[in-house]
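J.: Dumping the structure here so I can ask a few things about it.
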Amino acid sequence: MELILLGIAALFAGFVDAIVGGGGLVLVPALFAAFPNAAPATLFGTNKGGAIWGTSASMWSYVRRVQPPWSTVAPATLAAFVGALGGAWLITQVKSTDFRQALPFILLAVLLYTLKRKDLGHHHAPHLSGGAERALAVGGGLLIGFYDGFFGPGTGNFLIFLFVRGFGFDFLHASASAKVVNVACNLAALLVFASKGHVMWQYAALIAVCNIAGSLLGTRLALRRGTHFVRGVFLLVVAALILKTAHDAFF
């Protein structure tokens, strides 16, 4: 029964993550519920071992239809890979409990800003170039990559907000770009977790199959419905993530 529930959670996580990110909101708690005695690093590693396949499938579908601006995405991806290596190594050494109390407030600021700026992400109008573009891409990628390796839930949402607010992307281009960076984050973290034996590969394989199916469904829906749909789902997922992280941190 636990495996069936884990498979359903992985399917739904892949679906949500493909549209706006936030699949960890579903999958990480499911892993903690299924394996309450496992080390947190092992559960994070198992999550990465399965979710990377769904994220990769979603990324491939996006880049075939929506061309990411590589001058921004490439440096962000490389920086995120390095950041995720550091974050994943750190979580194998310490606990992430203290950070949890700050996360709901960070997400609330993202939600309120997006609601206030009703035109945010509706039009694809990149406004940075040259050194400013690379600096923000590297800085943002490094910070979010570190967070993804260290803790994880909400990474896709933070990446989309970075591309929309920081670079002027619309939500569809931002979601496509976020998938490229997210794959790099997942790969870096997975390398660290696997090297330290923190992946339950048999469960990661189950997660991978279900996550891919959900990701393909979510990507197809996002591409069909466009940027207005992605923005709406983004707001709903961030609101849900605020409630979930606040409950975990304070109750």
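J.: Has the range 179-197 got any residue that is of a type in the set (Gly, Ala, Ser), touching a helix residue (DSSP H, G or I) at 6+ places or on another chain (Cβ under 9 Å) and more than 18 Å from MET59 (Cα to Cα)?
T.: Yes, there is a match, as at least one residue in the range 179-197 is of a type in the set (Gly, Ala, Ser), touching a helix residue (DSSP H, G or I) at 6+ places or on another chain (Cβ under 9 Å) and more than 18 Å from MET59 (Cα to Cα).
J.: Among the numbered criteria (1) modelled with pLDDT under 80; (2) more than 30 Å from LEU43 (Cα to Cα); (3) surrounded by 12 or more Cβ atoms within 10 Å (Cβ to Cβ), which one does GLY130 miss?
T.: Tallying (1) modelled with pLDDT under 80; (2) more than 30 Å from LEU43 (Cα to Cα); (3) surrounded by 12 or more Cβ atoms within 10 Å (Cβ to Cβ), GLY130 fails exactly one: (3).
J.: Within the range 25-39, identify whether any single residue is among the aromatic types (Phe, Trp, Tyr) and touching a residue at least 60 places away in the same chain (Cβ under 8 Å), and answer yes or no.
T.: Yes, because at least one residue in the range 25-39 is among the aromatic types (Phe, Trp, Tyr) and touching a residue at least 60 places away in the same chain (Cβ under 8 Å).
J.: Let me ask something additional. Name the residue, out of ALA135, ALA194, ALA176, ALA102, that is closer than 30 Å to PHE251 by Cα and either of a type outside the set (S, T, N, Q) or at pLDDT 85 or above (or both).
T.: On inspection, the qualifying residue turns out to be ALA102.
J.: What are the residues in the range 78-91 that are more than 11 Å from LEU187 (Cα to Cα) and out of contact with any Pro (no Cβ under 9 Å at 6 or more places or on another chain), if any?
T.: Hits for the range 78-91 are LEU78, ALA79, GLY83, GLY86, GLY87, TRP89, LEU90.
The values are calculated or read from the model by the stated rules, or taken from the named source; none is laboratory data. Just so it is clear, the structure is predicted and the values come from calculations on it, not from any experiment. Cβ sites come from the backbone with ideal geometry, for glycine too, and all protein chains shown count toward neighbours.
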